[in-house]
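Read-outs: derived from the displayed coordinates by stated rules, not from any lab. This one's a predicted model, so the numbers in the text were calculated from it and none came from an experiment. Glycine gets a Cβ as well: all are built from the backbone with ideal geometry, and neighbour counts include every protein chain shown.
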Amino acid sequence: MIDFYLNGERQRLSGVSADTSALELLRQRLGRTGTKEGCASGDCGACTVAIGEADAGGEIRYQSANACVTPAHQLNGCHLVTVEGIADGEQLHPAQAAMVECHGSQCGFCTPGIVMSLFTLYEDRQQQASTGQRLAPLDQTQLEQALGGNLCRCTGYRPIRDAALSMQDHPRATPAWAADASLGKNVAELAQDLGDKNAGRQAAPASTEQAEGYAIPHTIAELRELKGKRPGARLVAGGTDLWLETTQQVKDLVDVIDVRRVAELTEVNETDAGWWIGASMSLSALMPLLAEHYPAFEHLMHRFASSQIRNRATLGGNIANASPIGDTPPTLLALDARLRLDGPRGSREMPLEDFFLDYKKTAMEADEFIAAVFLPRPAADHNLKVWKLSKRREDDISAVLGAFAWRMEDGVMRDVHLAFGGMAAIPRRAPEAEAALEGSRADAAAFDQARAALARELTPMADMRGSAEYRSLAAGNLLERLCLILNAASDSANNNDANNNKASTPANQVTLHAYAH
């Protein structure tokens, strides 16, 4: 049974297979065909919808999502808003009205998804304003974040950008569901009721979810029990990668355990040494912590897919996927991250670099799952640089990703960590290249040795994103880039000392705040 609200109306649907997507549910079961299917892989944005979850106080927060890779069962206890539900009769929502006025649509196939991305941006800003926050005009960064996951093949993006900038000038439409003051309370109560009922059903031999091949535990204990009984079940959190097996490879997902509702997996526990981050925390939710402590890592997240994907994708999922070109694992390797694995036999910890064994193979047992990721607290003199190379700046997969961490001590490099994606069958560090830089000054000679070591120890694969020769050359060039930046910062610091006769910003502090490009 899937029990949720759609454009303010409650929906109770039974007999929904485990691998049904929210898009299939909308178009085939509910007849809501305004939401379109384009790529069926979360790349084009034509299927964008807004998924709202209510807090205990009945306040609903909406996030954009790709319906094609959102498991339908994850709509349980949510309020789903589609393009059919945002107007107030004949009065269009500001996002719709602005698109019409600015001629932001030609064939119109992508328009519903673009409108829903703008709707989510508009409503989020309205909620911020309702709390008394003073909102600055939309800037280019906000526009790119909101629209980066939407493709338009015929209109061109200038009219769409104009619509985004002008939608606040249109009167706000208030559809019936938005005017219903009880909706948030009803959604919150539904989510709570489903959680309580699900917790009571876990011991049953054939609960509704399990009979349909889709279980939704709410606690670590329930997840351990399920994983012990069904070690072959596929775990899903955001679904942004797993669901491609059904949309792209036409495979059946018949036994699924959804970990998104396990509260312990979405928490952050801070210690003096760092943070244990729940594996099911979305990348969007993680970004504020990264922005404060690892700005280069946070900036990388802006180039991780799109807002629709980041709102659903999880840190643990990006690691468990074990892709050699995943974006977060190389950065986490450079930061000495650790994992906590859990299962019916208990929990254990390991360094992240011990987790990846071979292409798509990990040290995780069949009945285990990633519970949390430990991110160490950076020292005051810690530095991090992250560079992603891809064929386009946004919403693309890496060809090569380099993550470099180090400290400067008396003019030499210490605690050097160099990690790469796309340079081997797994994301991995480069220990020989690290050794060439450890204890050395950041000069051309040391980096030449590191580059030679890198060429010896890493053997990249060739695919559509780049040849092995290109990847080797590009990875070496990233090391050279780091060398040039370090020396430029050092020269600048020395010049400031000489010219101003006062302490200047150390080179290592400059690079700490130099974002990835």
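Here are a few things to note about the model shown:
- For q = 0.12, 0.22, 0.23 Å⁻¹, Debye-computed log10 I/I(0) when each Cα of the range 1-110 counts as one equal scatterer: -0.43, -1.30, -1.38
- Principal-axis tilt of helix 183-201 within the chain, Cα atoms, nearest 10 degrees: 80 degrees
- Centroid-to-centroid, using Cα positions, the range 117-167 and the range 32-107 are 14 Å apart.
- Computed over the chain: relative contact order in percent, which uses C-alpha pairs under 8 Å that are six or more apart: 12 percent
- Under Karplus coefficients 6.51, -1.76 and 1.60, residue-wise ³J(HN,Hα) of the range 309-314 in Hz, glycine/proline x: 6, 4, 5, 10, 4, 10
- Virtual spin-label span in nm between R345 and C154, 7 Å along Cα→Cβ: 5.8 nm
- Taking Cβ atoms as reference points and 14 Å as the exclusive limit, the residues near A462 contribute a net charge of 0, counting Lys and Arg as +1 and Asp and Glu as -1.
- Convex hull volume per residue in cubic angstrom - Cα atoms of the chain: 164 Å³
- Rounded tilt (10° steps) of 157-166 against the dominant C-alpha axis of the chain: 70 degrees
- Angle between the chain longest axis and helix 220-229 axis [Cα atoms, degrees, rounded to 10]: 90 degrees
- Electrostatic bookkeeping for L6 treats Lys and Arg as +1 and Asp and Glu as -1; over the other residues with beta carbon under 15 Å from its beta carbon, the sum is -1.
- In this structure the amide hydrogen of Y62, modeled in the peptide plane, comes within under 5 Å of no amide hydrogen from residues 5 or more places off or on another chain.
- Take 65-74, 255-264, 300-309, 12-21 and order them by the average number of nearby Cβ atoms within 10 Å per residue, most first; the result is 65-74, 300-309, 255-264, 12-21.
- For the range 276-344, diffusion coefficient by Stokes-Einstein and Kirkwood Rh (Cα), 4 °C, 1.567 mPa s, µm²/s: 104 µm²/s
- When only alpha carbons of the range 125-190 are considered, Rg and Dmax amount to 15.7, 44 Å.
- Computed on the range 87-174, with alpha-carbon pairs under 8 angstrom and 6+ residues apart, the relative contact order is 57 percent.
- Here is the tail figure for the range 87-174: Cα pairs spaced more than 21 Å apart come to 25 percent of all pairs.
- Taking a point 7 Å from the Cα of C39 along the Cα-to-Cβ direction, the residues of the range 124-161 with backbone N closer than 16 Å to it are 145-154.
- Note on V416, V254: ascending count of other Cβ atoms within 10 Å places them as V254, V416, the fewest first.
- Distance from the range 248-275 to the range 376-417 (C-alpha centre basis), Å: 26 Å
- Phi-based couplings in Hz for the range 259-274 (Karplus 6.51, -1.76, 1.60; Gly and Pro marked x): 9, 5, 8, 6, 4, 4, 7, 10, 9, 10, 10, 8, 10, 4, 8, x
- Protection proxy ranking of 325-338, 167-180, by the mean of other Cβ atoms within 10 Å over each peptide's residues and highest first, is 325-338, 167-180.
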